[in-house]
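Asker: So that we are looking at the same thing, I have put the structure below in structure tokens.
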Amino acid sequence: MQKTSLHILWIYPLLTQLLGSALLPLFSEFSQGGMLVVFVLFTVPAFLFALVSYKQQYHQRNIIQIAFFSGVIMFIYSLFSFSLMLAFDEYTSLEDPIPLWEQSLAVILFALTFALAKVMYTLLVLRLFLPKV
């Protein structure tokens, strides 16, 4: 049985950062702040899941485990990061504040959206770097 290569710890997050940076001009301006957002929201969870894949010695046939754990990691990470971003955002101090239940629902839906996108991206890209055994 082949072992998962140690290269997965730097190739997968680097590819995630490059892809997120390439798509950055479509969503906002290409700036240092945008690169930081891509790093915090996408590259850090990619590294965390690459670490899980390396420690658990996943291979290409572990489709269910790959999908489940990448979705769970991204969902939990998104909940924390979106909650922190919302807490320190300057738009939350408007004259007509958004009710707490709407903020909570928006954070949960954004986290689910990011988790689903991360599952699809992981199943397409990460499997290329895992052993076939």
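The values are calculated or read from the model by the stated rules, or taken from the named source; none is laboratory data. Remember, it's a predicted structure, so these values are computed and weren't measured experimentally. Note that we place each Cβ from the backbone using ideal geometry, even for glycine, and neighbour counts take in every protein chain shown.
Asker: Being surrounded by 12 or more Cβ atoms within 10 Å (Cβ to Cβ), touching a residue at least 12 places away in the same chain (Cβ under 8 Å) and assigned to a helix (DSSP H, G or I): is that true of LEU18 here? It would help to see each step written out before you state the result.
Answerer: Working: surrounded by 12 or more Cβ atoms within 10 Å (Cβ to Cβ): yes; touching a residue at least 12 places away in the same chain (Cβ under 8 Å): no; assigned to a helix (DSSP H, G or I): yes.
Against the criterion (surrounded by 12 or more Cβ atoms within 10 Å (Cβ to Cβ), touching a residue at least 12 places away in the same chain (Cβ under 8 Å) and assigned to a helix (DSSP H, G or I)), LEU18 does not qualify.
Asker: Taking MET85 as meeting all but one of (1) more than 27 Å from ARG127 (Cα to Cα); (2) of a type in the set (A, V, I, L, M); (3) outside any helix (DSSP H, G or I), write down the number of the exception.
Answerer: It is condition (3) that MET85 fails.
Asker: Taking the range 35-49, which residues are aliphatic (A, V, I, L, M) and either more than 16 Å from PHE129 (Cα to Cα) or surrounded by fewer than 19 Cβ atoms within 10 Å (Cβ to Cβ) (or both)? It would help to see each step written out before you state the result.
Answerer: Initial filter on the range 35-49 (aliphatic (A, V, I, L, M)): 35-38, 40-41, 44, 46, 48.
Once the filter is applied, which keeps residues that are aliphatic (A, V, I, L, M) and either more than 16 Å from PHE129 (Cα to Cα) or surrounded by fewer than 19 Cβ atoms within 10 Å (Cβ to Cβ) (or both), the range 35-49 yields MET35, LEU36, VAL37, VAL38, VAL40, LEU41, VAL44, LEU48.
Asker: Given the conditions (1) in contact (Cβ under 8 Å) with a residue 24 or more places away in the chain; (2) closer than 23 Å to GLN17 by Cβ, and given that MET35 satisfies all but one, which numbered condition is not satisfied?
Answerer: For MET35, the failing item is (1).
Asker: Looking at LEU26, LEU36, LEU6, LEU19, can you tell me which residue is out of contact with any Lys or Arg (no Cβ under 7 Å at 6 or more places or on another chain) and under 18 Å from LEU123 (Cβ atoms)? Walk me through it before giving the result.
Answerer: On the way: LEU26 fails: under 18 Å from LEU123 (Cβ atoms); LEU36 fails: under 18 Å from LEU123 (Cβ atoms); LEU6 fails: under 18 Å from LEU123 (Cβ atoms).
On inspection, the qualifying residue turns out to be LEU19.
Asker: Restricting to the range 50-72, name every residue that is in contact with a Lys or Arg (Cβ under 8 Å, 6 or more places away or on another chain) and either modelled with pLDDT of 90 or more or buried (at least 20 other Cβ atoms within 10 Å of the Cβ) (or both).
Answerer: ILE66, SER70, GLY71
Yes/no per residue for (1) surrounded by 11 or more Cβ atoms within 10 Å (Cβ to Cβ); (2) aromatic (Phe, Trp, Tyr); (3) modelled with pLDDT under 90:
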site	(1), (2), (3)
SER83	yes, no, yes
TYR91	no, yes, yes
PRO97	yes, no, yes
SER104	yes, no, yes
LYS118	yes, no, no
ARG127	yes, no, yes
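Asker: Can we say LEU6 is under 21 Å from LEU130 (Cα atoms), of a type in the set (A, V, I, L, M, F, W, C), surrounded by fewer than 14 Cβ atoms within 10 Å (Cβ to Cβ) and without any contact (Cβ under 8 Å) to a residue 60 or more places away in the chain?
Answerer: On the way: under 21 Å from LEU130 (Cα atoms): yes; of a type in the set (A, V, I, L, M, F, W, C): yes; surrounded by fewer than 14 Cβ atoms within 10 Å (Cβ to Cβ): yes; without any contact (Cβ under 8 Å) to a residue 60 or more places away in the chain: yes.
Spelling it out, LEU6 is indeed under 21 Å from LEU130 (Cα atoms), of a type in the set (A, V, I, L, M, F, W, C), surrounded by fewer than 14 Cβ atoms within 10 Å (Cβ to Cβ) and without any contact (Cβ under 8 Å) to a residue 60 or more places away in the chain.
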